[in-house]
Ligand code: AQP
C-alpha cells in the first residue's frame with residue numbers, strides 16, 4: 001500500500017483555505033493509503049509565537065483534524081517534533097543541497113526581508129530540507145497540499161533523487177496532489193494575496209474555521225469584488241468573484257462550470273448571501289465536533305502520543321536503513 005502524508009504548521013488556527021488546500025483531499029483518500037498527518041511544529045518555529053500559544057494551537061489543530069474527519073483507524077496523527085528522526089534526516093538531506101538553491105526558494109525570498117530585521121532567517125532557509133525529510137522519511141508517494149507548497153514538493157523530489165543517485169535507491173519520490181479547485185484560496189479583502197492562518201485574528205479577509213458564524217457571514221458579505229456586476233470565473237480579471245466561486249464549488253461539491261452557471265444571474269449581494277449561508281453551515285458542523293474533542297485535552301494528548309509512537313517506529317526503521325546506506329551504521 002502506498003503512503004500519503006501532509007501537515008500544517010501550528011502558526012494559528014486553521015483557515016478554510018487550509019481545509020480546502022491540504023485537508024479535504026487527504027480525508028477523502030485516507031482509506032486508500034497508509035496515511036499520516038502531522039502538526040509541523042518545528043516548521044512553525046520559523047515564525048515566533050508565544051510557547052503558550054503554540055501549545056494551544058497544537059491541541060486546536062489536533063481537535064480540528066478529528067472534527068474534519070480524520071479517522072484514527074486509518075490515519076496516524078502526530079507532532080513532527082515528537083519524532084526526532086525528522087530533524088536527523090533533514091540534517092543529512094541538507095548535504096545534498098547548495099546554499100544558492102535554498103536561497104532561491106520562493107518562500108525564503110518572499111519572507112527573508114521580514115526576517116532579516118531580526119537577523120534570524122536560518123530556520124526559513126533550511127525549511128525545504130526539513131520538509132523533504134518529513135516526506136522522504138516515510139517513503140510517501142502522495143502529498144496533498146495547496147499551490148503554495150508546489151515548489152517545496154518539487155524540491156523534495158529533487159533532493160530524494162539526488163540522494164538516490166549518490167547512494168542507490170533509498171527513497172520513494174513523492175508526487176504533489178494539488179486540488180483542481182481552490183488550490184490557492186485568496187484573502188477576501190485582498191484577493192491578490194493568499195488567505196493565510198498567520199493573519200491577525202480580526203482580519204476581515206481570512207475565514208478561520210473557528211470564527212463565530214456571524215463574523216464569518218460579515219466577512220463574506222464584505223468581500224472585495226469588482227464593478228462589472230456579472231458572475232463568471234476569471235481569476236485574472238475578477239479575482240474576488242472567482243475566489244468566492246471556488247469556495248462555493250468546493251463546499252457544494254460542484255465544478256467551476258456548474259457553480260458559475262448556477263449563479264450567473266445573481267446579483268453580487270445575493271450570491272454573497274448564498275456563499276455566506278453555505279460556508280456558515282459547513283463551519284458550524286465542524287465546530288460542533290471540534291468542541292467535543294477540544295474539551296478533552298487528555299484524549300487529544302493520548303492521540304498525539306500514540307500517533308508519535310507509531311510514526312517513530314516507521315521513521316526509526318527508515319533512519320536505520322539510511323544510516324546503513326551511507327555507511328554510518330556499523
Ligand atoms: N490560501 C491557500 N489556499 C489553499 N491551500 C492553502 N494552504 C495554505 N494556504 C492556502 C495549504 O494549507 C496547508 C497548511 O499550510 P501552512 O501550515 O503553511 O498554512 P498557511 O495558511 O500558509 O499558514 P501560515 O503559517 O500562516 O503561513 P504563511 O507563512 O504563508 O502565512 C498546506 O497544504 C498549504 O498548501
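Of note:
- When each of 46, 62, 13 is tested for being touching a helix residue (DSSP H, G or I) at 6+ places or on another chain (Cβ under 7 Å) and either more than 16 Å from the ligand (Cβ to nearest atom) or part of a helix (DSSP H, G or I) (or both), the lone residue that passes is 62.
- Within region 213-232, tally of residues that are surrounded by fewer than 16 Cβ atoms within 10 Å (Cβ to Cβ), in contact with a helix residue (DSSP H, G or I) (Cβ under 9 Å, 6 or more places away or on another chain) and assigned to a loop (DSSP other than H, G, I, E, B): 6
- For residue 241, the conditions (1) under 16 Å from residue 16 (Cβ atoms); (2) away from the ligand (no atom under 15 Å from the Cβ) are fulfilled apart from (1).
- Any hit, region 166-174, residues being in a helix (DSSP H, G or I) and modelled with pLDDT of 95 or more: yes
- Identity of the residue in region 25-43, in contact with a helix residue (DSSP H, G or I) (Cβ under 7 Å, 6 or more places away or on another chain) and in a helix (DSSP H, G or I), that ends up nearest to residue 65 (Cα to Cα): 27
- In this structure, residue 86 does not satisfy being more than 14 Å from the ligand (Cβ to nearest atom) and either closer than 25 Å to residue 287 by Cβ or touching a strand residue (DSSP E or B) at 6+ places or on another chain (Cβ under 7 Å) (or both).
- Residue in region 257-270 that is under 30 Å from residue 39 (Cβ atoms), without any contact (Cβ under 8 Å) to a residue 12 or more places away in the chain and part of a helix (DSSP H, G or I) present: no
- Breaking point among (1) part of a loop (DSSP other than H, G, I, E, B); (2) in contact with a helix residue (DSSP H, G or I) (Cβ under 6 Å, 6 or more places away or on another chain); (3) under 30 Å from residue 285 (Cβ atoms), for residue 244: (1)
- Condition met for residue 22 (outside any helix (DSSP H, G or I), touching a strand residue (DSSP E or B) at 6+ places or on another chain (Cβ under 8 Å) and within 8 Å of the ligand (Cβ to nearest atom)): no
- All of 46, 106 fail the test of being crowded, with 18+ Cβ neighbours inside 10 Å and over 15 Å from the mean Cα position of the chain (by Cα), apart from 46.
- Residue within region 68-83 that is away from the ligand (no atom under 12 Å from the Cβ), touching a helix residue (DSSP H, G or I) at 6+ places or on another chain (Cβ under 6 Å) and closer than 23 Å to residue 206 by Cβ present: yes
- One residue alone among 330, 314, 304 is in contact with a strand residue (DSSP E or B) (Cβ under 6 Å, 6 or more places away or on another chain) and closer than 20 Å to residue 85 by Cβ, and that residue is 304.
- Of all residues in region 109-124, those satisfying the criterion of being surrounded by fewer than 18 Cβ atoms within 10 Å (Cβ to Cβ) and in a helix (DSSP H, G or I) are 109, 110, 111, 112, 113, 114, 116, 122, 123.
- Members of region 126-158 that are part of a helix (DSSP H, G or I), touching a helix residue (DSSP H, G or I) at 6+ places or on another chain (Cβ under 6 Å) and surrounded by 19 or more Cβ atoms within 10 Å (Cβ to Cβ): 128, 129, 130, 131, 132, 133, 134, 135, 136, 152, 155, 156
- Selection of region 89-108 for residues being part of a loop (DSSP other than H, G, I, E, B) and either touching a strand residue (DSSP E or B) at 6+ places or on another chain (Cβ under 8 Å) or more than 16 Å from the ligand (Cβ to nearest atom) (or both) yields 95, 96, 97, 98, 104.
- Test: residue in region 212-233 that is within 11 Å of the ligand (Cβ to nearest atom) and within 22 Å of residue 249 (Cα to Cα): no
The values are calculated or read from the model by the stated rules, or taken from the named source; none is laboratory data. Fair warning: this is a prediction, and the values are worked out from it, not measured in the lab. Note: ideal-geometry Cβ built from the backbone for every residue, glycine included; neighbour counts use all protein chains shown.
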